[in-house]
1. Those residues that are among the hydrophobic types (A, V, I, L, M, F, W, C), at pLDDT below 90 and not in a helix (DSSP H, G or I), I need them from the range 202-235; list them, please.
2. Quick one: Tyr132 ticks every box in (1) of a type in the set (Phe, Trp, Tyr); (2) without any contact (Cβ under 8 Å) to a residue 24 or more places away in the chain; (3) closer than 23 Å to Arg201 by Cα bar one, so which box is it?
3. Would you check if there is a residue in the range 67-83 being over 15 Å from the mean Cα position of the chain (by Cα), more than 25 Å from Ala213 (Cα to Cα) and outside any helix (DSSP H, G or I)?
4. Looking at this structure, is Asp73 at pLDDT below 90 and over 30 Å from Arg227 (Cβ atoms)?
5. Suppose we filter the range 213-237 for residues that are among the small types (Gly, Ala, Ser) and touching a residue at least 60 places away in the same chain (Cβ under 8 Å); how many remain?
6. Can you name the number of the only condition in (1) of a type outside the set (Phe, Trp, Tyr); (2) in a helix (DSSP H, G or I); (3) surrounded by 15 or more Cβ atoms within 10 Å (Cβ to Cβ); (4) in contact (Cβ under 8 Å) with a residue 40 or more places away in the chain that Ala53 fails?
7. Given the structure, is Ala219 surrounded by fewer than 17 Cβ atoms within 10 Å (Cβ to Cβ), closer than 28 Å to Gly49 by Cβ and in contact with a Pro (Cβ under 6 Å, 6 or more places away or on another chain)?
Amino acid sequence: MKRDWARLLTLGGAIMVMQSLFWEYARMKPDNNYLVNPWSTRGLDSIHGVVFAVIGAALLVAGLVIGSKFTRDPRNSLIVVAGVVVAAVLFTVVFAGGETATVGGGLGGIVLGLLIGYTIYVAAQRVTERQYGAGSSQARLLKGGTGTLLLLVALGIGTVLSNAIFGDGREFAAPVAVLILMALIGALVSLMREVAMAANRMLIATTIVAGTAIGLSGAAVRSTLVRLQAEGGNIPGQYRDTQVTWGYFLANIGVVVFFMGAVMLWARRRDVVQAQQRAAKQRAAAEASAAELAAAG
């Protein structure tokens, strides 16, 4: 029996993220002799475990839907992309509705500018191909060496736009910040060639975003342990005396495993799309030959 490694990796990775809920996320270093209480915290003891479990469940559902035949239809693929954007915003409303986030400024501003610039470049490609045809001289202008130069120009324009809109960083409610980021990613993956693969591209991008959120939560996990100690009226430990443990690491490993499965799903969908394109070209050639023979006869 042939194993479906793509599905196994996405399933296993998502479950790994979810079951990290039952492991220790942070603990005091042993040299404190456990004078503070609690000296460790599990996923069940804090909001972080719930957040990780929900992220794992969301990845599991997304992987199952996007790995199915449902998203082979371009329209369904775009529907799934929109659904992922909405789900990300709702997730933020539930778990960080009262928080704020800075959009733009520093490294984040550079990344956002490059993302905007690349979206502009891809949109120009699609508009040109639709207006003049994929094989036209105008479309070829956006490829090759000239296309690379135009891409660099677009990236520069995107960086300027990002700086003009967000400057050194603007504060937004966390759901609004997530909406800006995910909507931009959704637009990019939808504009790229082969709309039927938009959902697969969105899955990869969403996995990166989810992995970044989990990876950057290590400091918050450690701070939570110190806060729980202070709230318990016990002798609080110091932040520098805490360390993240297996629950946190398992969640990160699970995201990596899921990412591998998402890439494999994307590669498999690409092969299906290419096969369909070859079949369509062969049918078109056969129909043209049949029409020529009928005309000659």
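1. Correct list: Ile235 only.
2. All conditions pass for Tyr132, except number (3).
3. yes
4. Here the answer is yes, as Asp73 does meet what is asked.
5. Residues in the range 213-237 being among the small types (Gly, Ala, Ser) and touching a residue at least 60 places away in the same chain (Cβ under 8 Å): 5 in total.
6. Of (1) of a type outside the set (Phe, Trp, Tyr); (2) in a helix (DSSP H, G or I); (3) surrounded by 15 or more Cβ atoms within 10 Å (Cβ to Cβ); (4) in contact (Cβ under 8 Å) with a residue 40 or more places away in the chain, only one is false for Ala53: (4).
7. Spelling it out, it is not the case that Ala219 is surrounded by fewer than 17 Cβ atoms within 10 Å (Cβ to Cβ), closer than 28 Å to Gly49 by Cβ and in contact with a Pro (Cβ under 6 Å, 6 or more places away or on another chain).
So that you can scan it fast, the table gives a plain yes or no per residue for (1) at pLDDT 85 or above; (2) surrounded by fewer than 18 Cβ atoms within 10 Å (Cβ to Cβ); (3) closer than 17 Å to Arg193 by Cα:
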| position | (1), (2), (3) |
| --- | --- |
| Phe95 | yes, yes, no |
| Ala101 | yes, no, no |
| Val111 | yes, yes, no |
| Thr119 | yes, no, yes |
| Gly156 | yes, yes, no |
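The values are calculated or read from the model by the stated rules, or taken from the named source; none is laboratory data. Just so you know, these numbers come straight off a predicted model, no measurement behind them. Note that each Cβ is placed from the backbone with ideal geometry, even for glycine, and that neighbours are counted across all protein chains shown.
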